[in-house]
Amino acid sequence: MKLRTRLILLTVLLILLPALPAMWVTRHLVEQSLNLGLSPEIANALEAGIRQTRATYQDERTEFEAEVAGWVATGAAPEDAPGRLVDPNDPTGSENAPAQDAPPREIVLTKQDASGRSFTVARALSPEWRGDAASLAASLQMVRGLQAERNELANRFWLPFLAIYGITLLIAFGAAAWLGRGITNPILRLADATREVSRGRWDVRVDTDRTDEVGQLGAAFNRMVETLDAQSRQLVELEKMAGWREMARALAHEVKNPLTPIRLTVEEMGSRYRGDDPDYRKLLDECTRIVVREVESLRNIVTRFREFSRPVELVWESVALNEIVTEIGSLQRDMEVTYDLDPNVAELIGDPDRTRQALMNLARNAQEAMRGQSEPRLHLATRRDGDAAVILVDDNGPGIPEEERSRVFEPYRSGKADGLGLGLTLVKGIVLAHGGTIEAQDSSLGGARFRIVLPLHGVDGDKGPTPADRGTAESGAGEHA
């Protein structure tokens, strides 16, 4: 099951689980409320109250009838009547005249005297009694109506509850789908990028515009790919360097062995000549000198090959980088040297002698490239870039063609007639031994620029960062090229 589906189901489940106890509690409350408000006891009590009001009315009527009967029997004057004398034809004198089923306002009685004359007498009822009687009747009617519609009334409570919960469920479902898409889509892109990296594509990156954990995961993936890319390229360079050194070692071995016999043979030939031909003696001596000179030249070449074939071994200590750069610049003659040194890279962990050797080779390379130029210039700069130091060596010479920059550090590729093409290769070996990188670029002076990136804290164990850190430093430093 996909992660997005799981997130949606989990969210829906979290919404539905509270619904069961909520429905039970709501149903219980509704039932309790209806049972309390519509209980038979309430209806019985209201009916008893109505009966009591009727009894009270009947008692007052009986009492009033007795008073009226006594008044008629005594033949008293009308003004002595126990109530209000009314016209029997007046409809307002009816006991139910106010409204149907409403309590009467008065008790109305009609009596005759001995002569047959009729009298209609009315007495007003208490407003309090009438109000209580009306309230009891209305309450009883309402309770009986609610009892008749009990089921419909319960449904009126349930339907809004279900509607609100249904809308909440739909909103939760949409929110879960949106949230799941926001989480799973970056993960799917990350999985696709991982597959591309496994196929050897080191330029793959994922978007990191988010600031949450998913964005942090993407940023960590990008840093990992950059580190792996840097380590892969550095490993390739180290393997190339190892191959070149092995070839140089084999070549030095093969060339060195016959040099001594050749020299001894030529010298022996010259010493064993016993003839008296001066021209031949002169030719023989000249040939011997030429062969000996060339043998010594080859021996020097073999020595340089042997030096190149040896792995670079570093003595780790503090390196005053800016002082070394200034020292290298001060040793250059016949060209203008300028500086732009960052005090934040005054020191790093490395080999001072090897660092000095690499920078000296670059300076000599620049001087030879500008040989014959009217105003040769050399610019040396350092800068701090995170945990790395950047060294820039610029000249205003002819520069390096773009198609040659990736191969300029290969051995045996020299632009000088008398060169072996090992100078820049040795420089690169020293830089790689420090865990750094070097590349050739265009210079702002119009010539060539060599850009070196060295970790400030070394490479091995407690001497400095891991290869992953070196790759990160190299990647970060590359932004300021």
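A few remarks follow.
- The range 252-261 - residue that is more than 17 Å from Val292 (Cβ to Cβ) and out of contact with any helix residue (DSSP H, G or I) (no Cβ under 6 Å at 6 or more places or on another chain) and, of those, modelled with the highest pLDDT: Asn257
- Of all residues in the range 350-378, those satisfying the criterion of being within 30 Å of Trp316 (Cα to Cα), among the hydrophobic types (A, V, I, L, M, F, W, C) and in a helix (DSSP H, G or I) are Ala358, Leu359, Met360, Leu362, Ala363, Ala366.
- Within the range 296-310, residues that are at negative phi have Cβ atoms under 7 Å from residues that are modelled with pLDDT under 70 and aliphatic (A, V, I, L, M) in these pairs: Ile301/Leu420; Arg304/Leu420, counting only partners at least 6 apart in sequence or on another chain.
- Exclusive hit being within 21 Å of the chain's Cα centre (by Cα), in a helix (DSSP H, G or I) and more than 30 Å from Ser406 (Cβ to Cβ), set Asn222, Asn185: Asn185
- When restricted to residues that are within 27 Å of Ile8 (Cβ to Cβ) and in contact with a Leu (Cβ under 8 Å, 6 or more places away or on another chain), the range 187-222 contains 6.
- Scanning the range 289-315 for residues that are surrounded by fewer than 17 Cβ atoms within 10 Å (Cβ to Cβ), assigned to a loop (DSSP other than H, G, I, E, B) and modelled with pLDDT of 85 or more returns a single hit, Val315.
- Qualifying residue in the range 195-207 (condition: surrounded by 14 or more Cβ atoms within 10 Å (Cβ to Cβ), in contact with an Asp or Glu (Cβ under 8 Å, 6 or more places away or on another chain) and in a helix (DSSP H, G or I)): no
- Pick from the range 347-365, criterion more than 13 Å from Gly458 (Cβ to Cβ) and charged (D, E, K, R), ranking: modelled with the lowest pLDDT: Arg364
- Number of residues in the range 348-383 that are within 20 Å of Ala320 (Cα to Cα) and not hydrophobic (A, V, I, L, M, F, W, C) equals 12.
The values are calculated or read from the model by the stated rules, or taken from the named source; none is laboratory data. What you see is a predicted model; the values in this text were computed from it and never measured. Cβ: placed from backbone, ideal geometry, glycine included. Neighbour counts: every protein chain shown.
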